Amino acid sequence: MKYDFVITTDRTMMTNHHGREFLGFLTTSPAIGIPERLWMWICAPKPKVDKEGKPVEAPYGLRKIEAALIDAGFKAAIIDPDYLSKHLPKAKALLIGHHDFFGLCAPSNTWWAVIKKEPVNRKSFIALMNSRPVREFKSHGGKIIIGGPAVWQWLHMEELWEKWGVDTIIDGEGEKVIVDIAQRVLDGRPLPKYVYTSPKEAPSIEEIPTIKGASVNGLIEIMRGCPRGCKFCSVTLRPLRFMPIEKIIEEIRVNTKAGVHHLLLHSEDILLYGADGVKPREEPLMKLHNAVLSEDVDSLSWAHVSLAAVVYAQRNGRIMTKLTDLIYSRVEQNTIGVQTGIETGSPRLAKIIMPGKAAPYPPEKWPDIVEEAFSIMADNNIIPAATIILNIPEETPDDVIKTIELIDRLKDYPGLIVPMYFVPLGVLKNKKELLNFRIKAEHVEAMWACLEYSLRWAPKLADAYLSKHPLVRLGVRVLLEIIKFKKKSLEGRVRQLIEEASKGAYTHKIY
Amino acid sequence: MKQHCLIFIGATSRLREVIEESYRKAIAAKSSDLIICIVTNCSIREVIPQVRDIFLHNIVFGITMYLFSYGEMEKMFSEMERVVDKGNSDITIYVTRDHKEIADKIMQTLKEMKIEVKEVKIL
């Protein structure tokens, strides 16, 4: 079949991470202690494809663009990067999406700064753009169109923009604008170099198409936007929209029909589905979970929850317990994994950078909210992968110390805590100077606290969460042992690192 | 839903200040869309540093930026005729003296529209 529009991404995105989303985090790091090929196999194995090279599971964002084009009558398909040479000679445009093209987002930037090696996602994307099929496609006049949540990075990469001959960058929700761009390609009309779709131009629920093929690990979006208004986040700029349950079910059926029976509910805050502002409500949450668990799914996880919503939900009707009881009674699992954000342990900084994060509670209570949420999640077998953010604007050493103290308060609750360096997104996206940063002495101490916390709980998490694939289990076990071993040998050096960092020895410079 | 359209003709050394001025005007006029059409022989690599700060700063407007070379004038006219919302748009042309004839041609092509022309001094 000939496709006018070939949609793809690099290997670190075009993969199902062995069915374990958390393994996807490893694509944001350089290979540590093992050969890069093995590292890539652990975190980004090749997906199953059909005879045309169309992946059974593909990133959800690409699926939405594919669906928008198909619904508008275009010949479009997602193609695995290894099969581009088969399709590009006949295609009119190559559409590429990514969530971190150049490794400038967190945690890629953090790993890169600490380990002083480029993360594999960046290397993999650059290799895709330099690959023979893409170069030949461009040299024959093909159009290259780029989209996805990390397109802001291209505004800092003008040399590569020119070198690779990128025709159009689309920043923002792309379902509507891509149809116009595709028509221009077919009509031979000029393409805009850059398009930013404002929140006012965001597609309505009716304009958001239903995916046509399965999404990676059964990810289904249940809402868009977030009302919390954190200054470092781009999602908060989008209008809030709840997907109707019928639409969610329709997409789940696309997945189950393709043999994907895991369901990963996606939103910036699952607990705010149908909420009253930032106050979770039992009725829509139970209705949603009852409906999705009535489908042919065999496991369920949540993409993100906010810690304040966990606390509010549990304090007001024990919603967390009701939800997890429902999930564990309907599918074969007794834990649920979720990402969440601690970001800081400093109420002062929380008030400046994320005043709505603790809502409906005051930001002054943030550390207590975090601890209570971790306790609730532990009681209900919810395993959080949490982030802290270092180098937040206006951060002082005392703020970082408060974060370290908070991590210490959490030590008895299972989870992972990942340190990330601040990335200027959302309303702070113009602060490009923050892409450069210095690793300060207190940052080393915070990263060390995260490592100690995470290694304490890693074996338990590995048992509860890891892929059933014996080689993946072995690979991750070996990796954990290597990290533990390295940690022991590092202990003596950490003091030295702190001393060196305090003298400004560690910097990460993009500009 | 008012559209603000900026056409810049010339080398890009003054583009940054022109874009900043235009952005402020668009805010004052409560526009919802900003169309930027750059006619120059400069490459995208030279254009992006001029527009980067405004693009990163912007969260409210829809922005569409076109880049045409001097040899693509016909394409540019035809595209402007299509994308400019005639009943709901104001157009400002910023042009360096050596390319004033292009501004004249645009005014002839889009004659039914309200167009302001400003000369940009070359640095």
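Looking at this structure, is A:Trp111 away from chain B (no Cβ under 14 Å), modelled with pLDDT under 95 and either assigned to a helix (DSSP H, G or I) or over 22 Å from the mean Cα position of the chain (by Cα) (or both)? Walk me through it before giving the result.
Working: away from chain B (no Cβ under 14 Å): yes; modelled with pLDDT under 95: yes; either assigned to a helix (DSSP H, G or I) or over 22 Å from the mean Cα position of the chain (by Cα) (or both): yes.
Yes; evaluated as a whole, the condition is true for this residue.
Regarding the stretch B:41-58, can at least one residue be identified that is more than 9 Å from every other protein chain (Cβ to nearest Cβ), over 30 Å from A:Arg238 (Cβ atoms) and either touching a Gly at 6+ places or on another chain (Cβ under 6 Å) or of a type in the set (Gly, Ala, Ser) (or both)?
Checked the stretch B:41-58: no residue is more than 9 Å from every other protein chain (Cβ to nearest Cβ), over 30 Å from A:Arg238 (Cβ atoms) and either touching a Gly at 6+ places or on another chain (Cβ under 6 Å) or of a type in the set (Gly, Ala, Ser) (or both).
How many residues does the stretch A:257-295 contain that are in a loop (DSSP other than H, G, I, E, B) and either touching a residue at least 24 places away in the same chain (Cβ under 8 Å) or hydroxyl-bearing (Ser, Thr, Tyr) (or both)? Spell out how you get there, then give the answer.
Of all residues in the stretch A:257-295, those in a loop (DSSP other than H, G, I, E, B) come to A:258-261, A:267-269, A:273-275, A:277-278, A:280-281, A:294-295.
Next, from what is left, pick out any that are either touching a residue at least 24 places away in the same chain (Cβ under 8 Å) or hydroxyl-bearing (Ser, Thr, Tyr) (or both): A:258-261, A:267-269, A:273-275, A:277-278, A:280, A:294-295.
Adding up the residues that qualify gives 15.
Identify, please: which residue in the stretch A:88-108 is surrounded by 20 or more Cβ atoms within 10 Å (Cβ to Cβ) and in contact with a Pro (Cβ under 6 Å, 6 or more places away or on another chain) and is, among those, modelled with the highest pLDDT?
Of everything passing the filter in the stretch A:88-108, A:Leu88 is modelled with the highest pLDDT.
Quick check: is even one residue across the stretch B:86-102 part of a helix (DSSP H, G or I), closer than 26 Å to A:Leu425 by Cα and more than 14 Å from chain A (Cβ to nearest Cβ)? I'd like the intermediate steps shown before the answer.
Restricting attention to the stretch B:86-102, the residues satisfying the condition of being part of a helix (DSSP H, G or I) are B:97-102.
Still in the list and also closer than 26 Å to A:Leu425 by Cα: none.
Scanning the stretch B:86-102 turns up no residue that is part of a helix (DSSP H, G or I), closer than 26 Å to A:Leu425 by Cα and more than 14 Å from chain A (Cβ to nearest Cβ).
Return yes or no: is B:Ile35 under 23 Å from A:Met157 (Cα atoms) and touching a residue at least 40 places away in the same chain (Cβ under 8 Å)?
Details: under 23 Å from A:Met157 (Cα atoms): yes; touching a residue at least 40 places away in the same chain (Cβ under 8 Å): yes.
Against the criterion (under 23 Å from A:Met157 (Cα atoms) and touching a residue at least 40 places away in the same chain (Cβ under 8 Å)), B:Ile35 qualifies.
Return only the number of the condition from (1) within 20 Å of A:Leu425 (Cβ to Cβ); (2) β-branched (Val, Ile, Thr); (3) facing chain B (nearest Cβ under 9 Å) that A:Ile170 does not satisfy.
All conditions pass for A:Ile170, except number (3).
Can you report the number of residues in the stretch A:186-217 which are within 14 Å of another protein chain (Cβ to nearest Cβ) and in contact (Cβ under 8 Å) with a residue 40 or more places away in the chain?
Pass one, the stretch A:186-217, residues within 14 Å of another protein chain (Cβ to nearest Cβ): A:187-203.
Filter again for in contact (Cβ under 8 Å) with a residue 40 or more places away in the chain, leaving A:191, A:199.
Within the stretch A:186-217, residues that are within 14 Å of another protein chain (Cβ to nearest Cβ) and in contact (Cβ under 8 Å) with a residue 40 or more places away in the chain number 2.
With a cut-off of at least 1 residues that are out of contact with any strand residue (DSSP E or B) (no Cβ under 6 Å at 6 or more places or on another chain), name the strands (runs of 3 or more DSSP E) lying wholly within the stretch B:1-77. Talk me through it step by step, then tell me what you get.
Working: elements: B:2-9, B:31-39, B:62-68.
The strands (runs of 3 or more DSSP E) meeting that bar are B:31-39.
How many residues does the stretch A:326-360 hold that are among the charged types (D, E, K, R) and buried (at least 23 other Cβ atoms within 10 Å of the Cβ)?
Filtering the stretch A:326-360 down to residues among the charged types (D, E, K, R) leaves A:330, A:332, A:343, A:348, A:351, A:357.
Going one step further and asking which of them are buried (at least 23 other Cβ atoms within 10 Å of the Cβ), we end up with A:343, A:357.
Total meeting the criteria: 2.
Evaluate the following for A:Ser234: is it within 10 Å of another protein chain (Cβ to nearest Cβ) and farther than 27 Å from A:Val56 by Cβ?
Values: within 10 Å of another protein chain (Cβ to nearest Cβ): yes; farther than 27 Å from A:Val56 by Cβ: yes.
So A:Ser234 fits the description; yes.
The values are calculated or read from the model by the stated rules, or taken from the named source; none is laboratory data. Note that the coordinates shown come from a computational prediction; the quantities given were computed from them, not determined experimentally. Every residue, glycine among them, receives a Cβ derived from its backbone with ideal geometry; neighbour counts consider all protein chains shown.
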